[in-house]
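One structure is given here, and the rest of the page talks about it.
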Amino acid sequence: MELADLIIRRLNQLVTCSGPVPKRKEALKEIGLIEEAAIASYKGKIIYVGNDKDLEKNIKLTPETIILEAEGLVGFPGFIDPHTHLPFAGTREKEFVLRIKGASYQELASQGLGIQTTVRATREITKEKLIELCLERLDTMLRHGTTTVEAKSGYGLDWETEIKQLEVLNEVNQIHPIEIVPTYLGAHEVPPEYRHDKSKYLELLIKNIMPEIRRRKLAEFIDIFCEEGVYSLEETKKLAQEAKKMGFKIRLHADEFSPLGGAELAAELEASSADHLINVSDNGIEALASSSTVAILLPMVPLFLRLEKWPPARRLIEAGATVALATDFNPGSSMTECMPLVIQLAVFLLNFQIEEALQAATINAAFSLGRDRWVGSLEVGKNMDLVLCSMPNYLHLVYHPGPNLVRHVFKKGNWVVQDGQICRT
Ligand code: NIG
Ligand code: FE
């Protein structure tokens, strides 16, 4: 009999996403559903997952044990958002309006708008103000069920601002319940100061900025925007190889607007993820399927940019690639913090089955971040990161889009959202 300090019982259903990791092909549909379920934890670790009727046989209460009667609720693993650009300043609704009137993302970028607009604002903002913005956004994420988030720098493109963004992420990680996994995205764009000498900028990254980030342990991953007019395949490869030598793990913005071969390169580099993939080639799909690189799909982006072209999710899944889903939260191409929306879009636009989308937003996303031993599924020994939604069964997460159905969130056994409100301790 194990001691429990937190018990959630009489759940309508519990989606556990248990089983071998990562989930590919048919395994992607096996969500480990338990009807009339209970789950219990002690000091933040799960000690029981199963039927409600077997709960008493397996766990022991203390007078302090918190017990939540969860009739009418369905439990899910905390959502994991493996691709965001969280620490940015300013918003870009004016460009958004130009786009809905017909301008393309690349046209705006070539006029010095796009990412450059956010770079100017992020260079100017104070660290304190950026911390405040990140905390507000993280609260929104938490209220929509996200408990772990990857977050990239990349709106400084100079030494000082990139470090400021990463410091903000590390500081916010100490004070907010969501776990933040920081990524250095110095190669998000070519900074205006280096427009005519990109190789000099890459040298600065390799010789100075990356070693400092590594030494101060400010980021675990690096990311590169491998794209026509940004960083070529060769530049991406060189930078990623240097980063690997320093001990960084790799994520790539790959094949977003043009089929450069970013997916093939990500597989060759044994990158943790290749993200976007709207224009991935057949070879790219094969390369991902036979690698451990996760294909991260961001369905809000083609919708928001009105590209009318979608990443070939079905072909990736059927070829055997590990797929995950993310918001890509950023002010230019996806202004949403909300993982349930992304799960819905994956079903509506990318032809995911609901079960596949759930695993892609939890356990496979955790795998891409190297966190699958602790988070992403509800299994004994893992962290008690749990989302409780008000619904009769799990299908409603997609079937009933629009309102936020998240009622409660637990992070490492702490009750962090209660009745839809953030709990301040
Ligand atoms: O992932 N593609 C590059 N970066 C972001 C967009 C950034 C921006 O527009 O500010 C993305 O879509
Ligand atoms: Fe992105």
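The values are calculated or read from the model by the stated rules, or taken from the named source; none is laboratory data. Predicted model only: the values in this text are computed from it and were never measured. Cβ coordinates were reconstructed from backbone atoms using ideal geometry, including for glycine residues, and neighbour counts include every protein chain displayed. Surface areas here come from the heavy atoms of the whole protein model, side chains and all, with no ligands, DNA or RNA. Shrake-Rupley method; radii C 1.70, N 1.55, O 1.52, S 1.80 Å.
Some notes on this structure:
- The lone criterion from (1) surrounded by fewer than 21 Cβ atoms within 10 Å (Cβ to Cβ); (2) touching a residue at least 60 places away in the same chain (Cβ under 8 Å); (3) more than 30 Å from the chain's Cα centre (by Cα) left unmet by Lys57 is number (2).
- Qualifying residue in region 131-141 (condition: closer than 16 Å to Phe329 by Cα, touching an Asp or Glu at 6+ places or on another chain (Cβ under 7 Å) and within 16 Å of ligand 1 (Cβ to nearest atom)): yes
- In region 209-227, the qualifying residues are those that are touching a helix residue (DSSP H, G or I) at 6+ places or on another chain (Cβ under 9 Å) and open to solvent by 60 Å² or more (accessible area, probe 1.4 Å), and the one that is nearest to Glu268 (Cα to Cα) is Arg214.
- Looking only at region 325-355, residues that are open to solvent by 20 Å² or more (accessible area, probe 1.4 Å), more than 15 Å from the chain's Cα centre (by Cα) and of a type outside the set (S, T, N, Q) come to 5 in all.
- Criterion violated by Leu307 - all others in (1) within 26 Å of Ile115 (Cα to Cα); (2) at pLDDT 95 or above; (3) not hydroxyl-bearing (Ser, Thr, Tyr) satisfied: (2)
- Within region 6-33, the set of residues being open to solvent by 80 Å² or more (accessible area, probe 1.4 Å) and in a strand (DSSP E or B) comprises just one member, Arg10.
- Filter pass, Ala103 being more than 10 Å from ligand 1 (Cβ to nearest atom), open to solvent by 10 Å² or more (accessible area, probe 1.4 Å) and not hydroxyl-bearing (Ser, Thr, Tyr): yes
- Of everything listed in (1) closer than 18 Å to His85 by Cβ; (2) within 16 Å of ligand 2 (Cβ to nearest atom), the single unmet condition for Leu341 is (2).
This table checks each residue for (1) out of contact with any helix residue (DSSP H, G or I) (no Cβ under 9 Å at 6 or more places or on another chain); (2) more than 23 Å from Asn383 (Cα to Cα).
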{"site": "Gln111", "(1), (2)": "yes, yes"}
{"site": "Ala121", "(1), (2)": "yes, yes"}
{"site": "Glu136", "(1), (2)": "yes, yes"}
{"site": "Leu142", "(1), (2)": "yes, no"}
{"site": "Gly145", "(1), (2)": "no, no"}
{"site": "Tyr155", "(1), (2)": "no, yes"}
{"site": "Asp158", "(1), (2)": "no, yes"}
{"site": "Gln165", "(1), (2)": "no, yes"}
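- Residue within region 111-129 that is in a helix (DSSP H, G or I), more than 20 Å from the chain's Cα centre (by Cα), under 15 Å from Phe329 (Cβ atoms) and at pLDDT 95 or above present: yes
- Per the conditions (1) hydrophobic (A, V, I, L, M, F, W, C); (2) open to solvent by less than 10 Å² (accessible area, probe 1.4 Å); (3) under 15 Å from Ile80 (Cα atoms), the sole criterion not satisfied by Val301 is (3).
- Considering each residue of region 266-273 in turn, none proves to be within 18 Å of the chain's Cα centre (by Cα), away from ligand 1 (no atom under 16 Å from the Cβ), assigned by TED's automatic domain parsing to the domain that holds Val149 and in a strand (DSSP E or B).
- If the condition is being within 22 Å of Glu26 (Cα to Cα) and without any contact (Cβ under 8 Å) to a residue 60 or more places away in the chain, then region 290-309 contributes Ser290, Ser291, Thr293, Ala295, Pro299.
- Only a single criterion out of (1) out of contact with any helix residue (DSSP H, G or I) (no Cβ under 8 Å at 6 or more places or on another chain); (2) within 16 Å of ligand 2 (Cβ to nearest atom) is not satisfied by Met335, namely (1).
- Only residues that are crowded, with 24+ Cβ neighbours inside 10 Å and more than 26 Å from Ala321 (Cβ to Cβ) were counted in region 362-383, giving 1.
- In the set Leu358, Leu316, only one residue is crowded, with 24+ Cβ neighbours inside 10 Å, away from ligand 1 (no atom under 16 Å from the Cβ) and among the aliphatic types (A, V, I, L, M); that residue is Leu358.
- Condition check for Glu95 on (1) open to solvent by 80 Å² or more (accessible area, probe 1.4 Å); (2) within 16 Å of ligand 1 (Cβ to nearest atom): one failure, at (1).
- For the residues Thr322, Thr293, the requirement of being surrounded by 24 or more Cβ atoms within 10 Å (Cβ to Cβ) and out of contact with any Asp or Glu (no Cβ under 9 Å at 6 or more places or on another chain) singles out Thr322.
- Selection count where residues are part of a strand (DSSP E or B) and under 13 Å from Leu6 (Cβ atoms), scope region 42-59: 7
- For region 34-45, the tally of residues that are open to solvent by less than 70 Å² (accessible area, probe 1.4 Å) and within 18 Å of Tyr394 (Cα to Cα) stands at 4.
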